[in-house]
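Encoded as structure tokens, the structure appears first; notes follow it.
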Amino acid sequence: MIDFYIWTVSIILIEFIRSTIQCDSNTLQGCLLDDTTKTTQMTLQDYSAYGYGFWFQYISTQTTLYESLTTFPKIEGLLILREINPETLTYRVFFYQDWTNNNANQEKYLYLQYESNGQMIQLAKFVFDAFDFDGKWIHIYVSYQFPYQRQIIMNDIQNDNCQIINYETSTNLEMKQTRIIQGGELKLQLNQNDEVKQLAYYPGRITYLEFNFNKNNVIFKTVQEFKIFVQQQFIPYPFCYIQTYDASSISSYIYQFGLIQLESWVKVDYKLNLNYSASVFGIEILFLPLINIYQKLVDLQYCLLQAWTSNLANGVYFQTYNQINPDFYPNLQQFMGQSGIAFHTLKQDLRQWHYVSILYGFDKAQIPVQNLKMWFIDGDVYEAQYHNRTYHFDGAKLKIRSGLLFDAAADGMYVTTESSKITVCLPESFVLIKKCHFSCLDCNGPYLNQCISCDQNSNRYLENSYCKCTLGYIESNSGDCIQFLDFYPTSVSDYNAKNQTLSQFGYFSIKEVNNEIIQMRCPQFNEMQLEKINCLECLTQPGSFANLLKCESDYVFNSYGQYELIQREEKDIELYVLDTSTSSLTLCVGCKTICNQNIDSNWHFHTLLQVYIQCQQQFYYKNGECNVCNSNCKTCQDFSICTSCYNEMTLNPLTKECLECPKECLECEYNSGVQCKQCIEKYSVFQGQCYPCSQYCLECLYVQNPKDGSYYNRCINCIDNQKYYLSINAVDCIENLDAYCTYAIQFHKSWFMRNRVNTLFHLYEKGDFNSNQLMNYCALCAKGYASLLSGTCVRIDSISDDLQYKQYCTQMYEMEVYQSLQLNLLQYQCLVYTNEFKQTLSASNGCDFMLLNCAYCFNNICLLCYSGYYAELASGQCIECPSELNCYKCEQRSKLWKNGWKIWYAIIHFMMKRGTFYDDIFGNEAQDKLEVVCKTCTIDFEFYLDKCIKKCPENCELCIKCNGQNKCVKCKESLTKSFIMKQYQQLVSYIYFVIIKYR
């Protein structure tokens, strides 16, 4: 009995048959089976001969193989093709790849059989080297000719191995039709007593059938004759177009052909001095799509070994996947710290710029390439080249990283990259080179101010690490240094044609009534005034300025010896009106914009300038012009009638005047007098007045004590919650004197009162206790330290107790344990282990494997998410950090209590108190009272005032904080006043020269 499955039926009646979509032998578009099975059924009544051929490629990295091995208990082979007589259901051709020999003698077998009298007769056995078989394209051709001739041809074009098998059979073309099935899976049992054999889906690629109905050219006499025939048909020549991505990662790249190059400028930084390694470059292949598991193919890890042992150096792990077995199977352990094979010691500090280039894949001769090259600023070059045997991964889904940390792999480690690139489809291997800024010949970093030599043929010279254009040359938009005069016309006719847009520096062009173009001087322009360069809009964009006539920015020479770009406030923006009849400019004082009376609204007519206008915010319209308001008014109806006020002022609705808020008041209102609504830091508001917080307290609330009804200033946040901590008296902040204590709390020494009298929870009860009754305790020590009940933090490795796995613990607590009515039994409890050894026998119950992006959890609540995610207090799930915050790590907390860190010690408190788990740590507040804040920032940002702000650029010499942002006030030498003035004067001189020459 034979079981078979028909998935798709198509009737084919043309002389030479190909797939409906035109097959492209380079990209294989339209050539490959779309599904795992393809069935073709056709009539034979009109043919005395026919043949068909197809190509197939075994790719063990395809997930098909792994899925079949886990689905079927025992596999006989991998099914490639069956041809069946539909009337008798007998097999005319049965072709499969053997799986039972288990690569014995490092060989793979292809079996070609047919059925006769209920038995499978072996017609051919093709033998291949098991390691050479992966990725090889093989062509099979089957043909029949009346009355008895049959032919099978196997063609291995890569090794130039072509085998022809001729045989005869008593039945050939007597049947009316035939059915050909490619791929699929099958349970085969010819006779009732025979063993059932399982044939599985073929892992790889199979092309559509190509039919041959030329009766004079179906059976081939020689190999050469067949090769000529094949050359005229479809042959898979893998090819794809070279493409470069200016990115540090590609998440879903389908590999087609060739080599992959990863390259980037890199430098690392870190807060903690730890023995740690993290992957920065890599290529991974998807092998378990249902659970999104990848196998590394290439991995470059950076190792920082300056920590608690001496005489160690920086280094890298560079590894490529090494094929041990002929058939792909994940080998995750290969990339787990095998330093004897993969570690390379480097004397250079990896925190400095260096260039990395990696080349990986198969060249057009199908030879694996695995090269690494690193360039350092001291001139040293490190190279590594592997010759590992590896699997083909044609058609596989890859994740590629070039200068990007592997899945938030590092805690405290940061990577800065520049000019990251990923190039695919490179056909041949080549010598890897360092790539600098286009202006540099050689460099020690990615930027234009890091050149160490210049190409003299490019008309550049080296000055202060810049490759500058030589005198008489200027940099074009394409980056080349070309002669300055090439920018300008070289004949009178060219000049006249271009004179419509060309303006003398400090002037802009206008067209008079008679269409003559004249040059008008920019407002406030003075060649001799160097301390301030006014109205940049006119100087830099004279063409557009002629249309807008508005000055909004200036260059001001600041106290740091630098020109600083200043954007004017609204009240300082100048709007001009042009009188074309007199060719004169007039300043429209207080005007915001010139209006079109047919389109705009709220316009007024300026009687002097004869235009329609809108006035600026601090001006009012009266007597045909804009007049300035009283200086206290933000907006007004008349000089002394204010309609709104500036900050720290409030409007008296009776007198329409602006009154100042009281001292220490940030926002106030008028209610039978000036009443404060919000006070400045270190003050609280009560009944319209500001009251000072206690010493070291940043934020406080004036509240009523429920015990006696008295009012007091309750402190809710200290000026620095790491350097100070709240007192049980709910008023004061106590200084944290332990340098290794990150956060401290206070609680009652009594075991029974500790649950109620503590500062861990923000709703704690105010208490008046003396110091002998209270304990100052470190709720969170620095990494590598244990928190003792004495209140101090000690190094974990200094604890004398023989604790299991102590060397892997990074966060430990000394705890009182309650057992059998015995109090004050002490034991140590590790809460967090290193990545190298992550035990779940203590706080975690294994939920970190169930919660997506969770690194550490407790009671199905995530305590610590991977970088880029935060633990949502209400659900305990990991949510992605908001992209606009630019966080590397973030946390959710109460806007008022800022209690995000307390979640950690809450776990220890829970274990010590036998099940008390407080809601005010885990999201009892409404969602609108919570906030997400950064803890550390992404690479181009720095942490400042609880947020991530953009770092100053590297060419900035002096950077200050201004309005919560970085502000560069002094650039490096290339942008100093003397340099700018030199360029400024040269530019003016050149333009004057050109204009005068042609005038």
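The values are calculated or read from the model by the stated rules, or taken from the named source; none is laboratory data. Since we're looking at a predicted model, the values are computed, not measured. Cβ: placed from backbone, ideal geometry, glycine included. Neighbour counts: every protein chain shown. The area values use the complete protein model at the heavy-atom level, side chains included, leaving out ligands, DNA and RNA. Shrake-Rupley method; radii C 1.70, N 1.55, O 1.52, S 1.80 Å.
Numbers at a glance
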quantity	calculated
Boolean, residue 650 is at pLDDT 95 or above and open to solvent by less than 80 Å² (accessible area, probe 1.4 Å)	yes
The listed residue being touching a residue at least 60 places away in the same chain (Cβ under 8 Å) and either assigned to a strand (DSSP E or B) or not hydrophobic (A, V, I, L, M, F, W, C) (or both), out of 713, 721	721
Number of positions in segment 37-82 that are open to solvent by 10 Å² or more (accessible area, probe 1.4 Å), assigned to a loop (DSSP other than H, G, I, E, B) and within 23 Å of residue 187 (Cα to Cα)	6
Residue within segment 710-719 that is of a type outside the set (D, E, K, R) and on the phi > 0 side of the Ramachandran plot present	no
Selection status of residue 919, modelled with pLDDT under 85 and either open to solvent by less than 60 Å² (accessible area, probe 1.4 Å) or part of a loop (DSSP other than H, G, I, E, B) (or both)	yes
Residue pairs meeting the criteria (Cβ under 8 Å; at least 6 apart or on separate chains; first in a loop (DSSP other than H, G, I, E, B), in segment 348-359; second surrounded by fewer than 16 Cβ atoms within 10 Å (Cβ to Cβ) and modelled with pLDDT under 85)	351/269
The lone exception for residue 939 - which of (1) open to solvent by less than 70 Å² (accessible area, probe 1.4 Å); (2) assigned to a strand (DSSP E or B) it fails	(2)
Subset of segment 784-800 (residues that are open to solvent by 70 Å² or more (accessible area, probe 1.4 Å) and in a loop (DSSP other than H, G, I, E, B))	790, 800
So residue 621, is it open to solvent by 70 Å² or more (accessible area, probe 1.4 Å) and within 30 Å of residue 957 (Cα to Cα)	no
Looking only at segment 680-689, and only at residues there that are in contact with a Pro (Cβ under 9 Å, 6 or more places away or on another chain) and part of a strand (DSSP E or B), the one that is most open to solvent (accessible area, probe 1.4 Å)	689
Residue 961 vs. criteria at pLDDT 80 or above, assigned to a strand (DSSP E or B), open to solvent by 50 Å² or more (accessible area, probe 1.4 Å) and touching an Asp or Glu at 6+ places or on another chain (Cβ under 9 Å)	no
Residue count, segment 136-154 (criterion: part of a loop (DSSP other than H, G, I, E, B) and either open to solvent by less than 10 Å² (accessible area, probe 1.4 Å) or closer than 15 Å to residue 209 by Cα (or both))	1
Residues that are buried (at least 17 other Cβ atoms within 10 Å of the Cβ) and at pLDDT 85 or above, drawn from segment 349-365	353, 354, 355, 356, 357, 358, 359, 360, 361, 362, 363
Residue list for segment 281-301, filter: open to solvent by less than 10 Å² (accessible area, probe 1.4 Å) and among the charged types (D, E, K, R)	284, 299
Single residue of 386, 414, 447, 382 found to be among the aromatic types (Phe, Trp, Tyr) and closer than 30 Å to residue 784 by Cα	414
Failed criterion for residue 119 (all others in (1) open to solvent by less than 50 Å² (accessible area, probe 1.4 Å); (2) in contact (Cβ under 8 Å) with a residue 24 or more places away in the chain; (3) within 27 Å of residue 195 (Cα to Cα); (4) polar (S, T, N, Q) hold)	(1)
Subset of segment 726-758 (residues that are open to solvent by 50 Å² or more (accessible area, probe 1.4 Å) and of a type in the set (Gly, Ala, Ser))	739
Residues satisfying the stated conditions in segment 366-375, i.e. out of contact with any Gly (no Cβ under 9 Å at 6 or more places or on another chain) and open to solvent by less than 10 Å² (accessible area, probe 1.4 Å)	372, 374
Verdict on residue 864 being assigned to a loop (DSSP other than H, G, I, E, B), in contact with a strand residue (DSSP E or B) (Cβ under 8 Å, 6 or more places away or on another chain) and modelled with pLDDT of 75 or more	no
Hits in segment 438-474 (condition: hydrophobic (A, V, I, L, M, F, W, C) and either closer than 21 Å to residue 376 by Cβ or in contact (Cβ under 8 Å) with a residue 40 or more places away in the chain (or both))	438, 440, 441, 443, 448, 451, 452, 454, 462, 467
Positions within segment 736-758 being of a type in the set (Ser, Thr, Tyr) and assigned to a strand (DSSP E or B), in sequence order	742, 743
All positions within segment 510-548 that are surrounded by 13 or more Cβ atoms within 10 Å (Cβ to Cβ) and in contact (Cβ under 8 Å) with a residue 40 or more places away in the chain	510, 520, 523, 530
Residue match in segment 568-585 (condition: in contact with a helix residue (DSSP H, G or I) (Cβ under 9 Å, 6 or more places away or on another chain), touching a residue at least 24 places away in the same chain (Cβ under 8 Å) and basic (Lys, Arg))	no
